[in-house]
1. If you stretched the chain out fully between Glu299 and Arg134, how much longer would it get, using 0.36 nm times the residue separation minus the C-alpha to C-alpha distance?
2. What's the exposure ranking of Cys128, Cys377, going from fewest to most Cβ atoms within 10 Å?
3. For each of Phe59, Phe84, Phe357, count neighbouring Cβ atoms within 10 Å of the residue's Cβ, then give the residues from fewest to most.
4. Which trypsin sites (Lys or Arg not before Pro) in region 67-163 sit in a loop by DSSP (not H, G, I, E or B) and have at most 12 other Cβ atoms within 10 Å of their own Cβ?
5. May I ask for the net charge around Leu150, where only other residues with Cβ less than 9 Å from the Cβ of Leu150 are counted and Lys, Arg are +1 while Asp, Glu are -1?
6. Among the listed pairs Lys190/Lys328; Lys73/Lys275; Lys266/Lys328, give every one whose C-alpha distance is greater than 27 Å.
7. Rounded to the nearest 20 debye, what is the charge dipole size of region 361-410 about its Cα centre when +1 sits on each Lys and Arg Cβ and -1 on each Asp and Glu Cβ?
8. Give me, ordered by chain and number, the residues 5 or more places off Gln402 or on other chains with an amide H under 5 Å from its own placed amide H.
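Taken together, the values in this text are just the output of simple stated rules run on the coordinates, not laboratory data. Only a predicted model underlies this, so the values are computations on that prediction, with no experimental measurement involved. Because the Cβ atoms are built from the backbone with ideal geometry, glycine has one as well, and the counts that use them run over all protein chains shown.
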Amino acid sequence: MLTILGQKQRYCDGVPRRSFLKIGGFALGSVGGIGLSQILRAQSLSGNRSSHKAVINIFLGGGPPHQDMWEIKTEAPREIRGEFSPISTSVPGIQIGEAFPRIAAMMDKMAVIRSVVGCSGRHDAFQCLSGWERKSLESIGGRPAIGPVLAKLRGQVDPAVPACVGLAQTTRHVPWSEVGGPGFMGAAYKPFQPDGDGMSNLKLNGVTLDRLQDRKHLLAGLDNLRRDVDANGMLEGMDSFNQAAFGVLTSSKLVNALDLSQEDPKIRARYGDGKPYKYQYDGAPTVNDHVLMARRLVEAGVRSVTLSYGRWDSHGANFDLVRDHGGKLDQAVSALVQDLDERNMLDDVTVVVWGEFGRTPKINNKAGRDHWPRVSCALLAGGGMQLGQAIGATNRLGEFAQERPVDMQEIVATIYHNLGIDAMNTTIEDPTGRPQYLVDIREPIRELV
């Protein structure tokens, strides 16, 4: 077995990142970790390929305040209304919060949903990444997230680039840094996480290309020793998967996509960096660089990029937090949509910005808003959707969805639709042999598709 060692990193479930890049390990039934070649092999079992549709899922961990962002409650009493005023957008009749002037200027390229329902109330990213409550099928590994489903059903666009990547930095409240796991599909579909020092795992540390090729030939030779006893043909074709594993290590494509120093300085300035990081506490920083990196990854061939942006759990100083986080998010998301549009990628890439639930209508004695699972919000762009819309509305006090409730699963079904996957009819077999639909509410949002 050949392992390219980098800094030792661990996934949140304890699987060491070193195991992710092990090359070799052909013995069936071995327990020495999941090798990259095994991941690539499993991801291509369906043999299904499509045009390069992609999704960038921006998770606002903590629960963003819907009534301070996309639907300002101007007629509510003082203890509910808050400090923000609505501003006009590029779409007549649609107003949003004053903290988002750049998004307002390009609302014709976006859609806001003001009436998201179905939130479980858990403080994590699971529903936003999968559409399901965490307890669903938990006994057999849980539901898979969108990215791993794409990896299984569509495989890789480029053999040197993983199908799904998670950029979320590790947070002290760990569930806010979820990247969307494979659930019952197994660890072979786990998203790649190039966070921090893990970048070193993408480089041949102390191993030259010549030495790598020598080891590759050695592995091929050892593999040939088994072929004469391969009665069922399972070893046939393994060379192609190991070629892909070597391709990730020897290609500069993924490393270059993650290297923002190669980006046009004017584009980097357009996104900003989201600094200084404020109100972070146990959550994610406002890393605008991750939003730009997501575009670069999709351009390189990644199908799904997830990231966690900011800490929106505003039990205190809610309005100061929204001014800070909102202004930075406004810059990053508007830059992303403009960037995708200028590169003729916008119709193929779905952008979704949302959190696990909303915030209470009543402002507490710390100038904050508390947890409110009854209604939330989302911002969408791209994906070939009918944009320039505000869908749904809450009542005068922002307590519940009064017009057009939109379930979280409807949003996920819309994402699948944009990705060319028919959620109405597509199933994935679970470990018990039962076919499982991708979501229960399988029709996409009719106003958008």
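1. Details: separation 165, 0.36 × 165 = 59.40 nm, distance 3.12 nm.
Extra length available between Glu299 and Arg134 comes to 56.3 nm.
2. On the way: Cys128 29, Cys377 26.
Least to most surrounded, the residues fall as Cys377, Cys128.
3. Working: Phe59 28, Phe84 22, Phe357 25.
Ascending Cβ contact count within 10 Å gives the list Phe84, Phe357, Phe59.
4. Values: sites: Lys73, Arg78, Arg81, Arg102, Lys109, Arg114, Arg122, Arg134, Lys135, Lys152, Arg154; in loops: Lys73, Arg122, Arg134, Lys135.
Of the trypsin sites (Lys or Arg not before Pro), the ones in loops of region 67-163 whose Cβ has at most 12 other Cβ atoms within 10 Å are Lys135.
5. Working: positive: Lys53, Lys152, Arg154, Arg303; negative: none.
Computed value for this residue: +4.
6. On the way: Lys190/Lys328 30 Å; Lys73/Lys275 30 Å; Lys266/Lys328 17 Å.
Where the Cα-Cα span goes over 27 Å, the pairs concerned are Lys190/Lys328; Lys73/Lys275.
7. 280
8. Those lying under 5 Å, H to H, from Gln402 are Ala393, Thr394, Asn395.
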